[in-house]
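Please read the structure below before turning to the comments.
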Amino acid sequence: MLFRSPERLEIVDFSDPYLVAYEAVLVAESSPIHSLQDLRGKTVAVAEDTASFHRYSTLHPEINLVTTAKESDGVHLLLAGKVDGVANDNVNLEGLLATMPGSDVDQLRKLDVSSSFDPKPFGVCLRKGSPIFLSKLNQAIAKLKENGTIEQLFKASRQF
């Protein structure tokens, strides 16, 4: 289910986004793949029922998708040479890479494919009908963005 989908909006409220992620693809460092177009007819791993899965299956049916139960499974398939790439957003990919040994990370590179997809905003999901709490939360998020705290936290977590 996608962020702020009509189905979700019926049961929850969302804060303003605290972070915006963008689609990316991991490929082997030695891969001849350098763009989204190069993935036509190739096999890309993506975690099942994620925003990335829905985006690729809808917007790029020319890319063969292999779904995995966990996001990290796609990286293992890529390192084993069983897929040509791993699709996810830059935030999740960087988080996965941060947990891997450097020798594995050195075998991979990230393709920026953000121009082919809408940005993916991250916000806090709350019980529907809490307008005072939502307003206070949005004020706090705005302050943390304005004073640079969120960007500092994000930069500190980047490994890639």
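Where is the GNM fluctuation largest for the chain (alpha-carbon springs, 10 angstrom cutoff): Val12, Val105, Val66?
Top of the fluctuation ranking is Val12.
Please give the FRET efficiency for Gln107 paired with Lys155, using the beta carbon to beta carbon distance and R0 = 25 Å, rounded to the nearest 0.05.
0.55
What fraction, in whole percent, of alpha-carbon pairs in the range 54-97 exceed 13 Å separation?
Above the 13 Å cut-off, the range 54-97 has 56 percent of its Cα pairs.
Note down the Stokes-Einstein diffusion coefficient of the range 72-125 in µm²/s, whole number, using a Kirkwood radius over alpha carbon pairs, 10 °C, and 1.306 mPa s.
127 µm²/s
How large is the accessible surface of Tyr18 in square angstrom, using a 1.4 angstrom probe and rounding to the nearest 10?
The value for Tyr18 is about 80 Å².
If one puts a single equal scatterer on every Cα of the range 1-121 and applies the Debye formula without solvent, what log₁₀ I(q)/I(0) results at q = 0.13, 0.14, 0.17, 0.18 Å⁻¹?
-0.50, -0.58, -0.83, -0.92
For the range 1-153, with all protein chains present and a 1.4 Å probe, just round the carbon and sulfur fraction of the accessible area to a whole percent.
54 percent
Compute the length gained on full extension between Thr43 and Lys70: take 0.36 nm times their separation in residues and subtract their Cα-Cα distance, giving the result in nm to one decimal.
Taking 0.36 nm per residue and subtracting the Cα distance, the gain is 8.0 nm.
How big is the range 1-46 on each of its three principal axes, counting only the C-alpha atoms and giving the largest first in Å?
Each principal axis gives a Cα extent; for the range 1-46 these are 45, 22, 15 Å.
How much length is gained on full extension from Val12 to Phe133, taking 0.36 nm per residue of separation minus their Cα-Cα distance?
In short, 42.3 nm is gained.
In terms of solvent-accessible area of protein heavy atoms at a 1.4 angstrom probe, what is the ranking of Lys155, Lys110, highest value first?
Sorted descending by solvent-accessible area, the residues read Lys155, Lys110.
What residue among Ser116, Ser35, Ser103 shows peak mean-square fluctuation when the chain is described by a Gaussian network model with Cα springs under 10 Å?
Result for the chain, Cα springs under 10 Å: Ser103 fluctuates most.
The values are calculated or read from the model by the stated rules, or taken from the named source; none is laboratory data. All values reported here derive from a predicted model rather than from experimental measurement. Backbone-built Cβ (ideal geometry, glycine too); neighbour counts: all protein chains shown. In case anyone asks, the SASA skips ligands and DNA or RNA and just uses the protein heavy atoms, side chains included. Shrake-Rupley method; radii C 1.70, N 1.55, O 1.52, S 1.80 Å.
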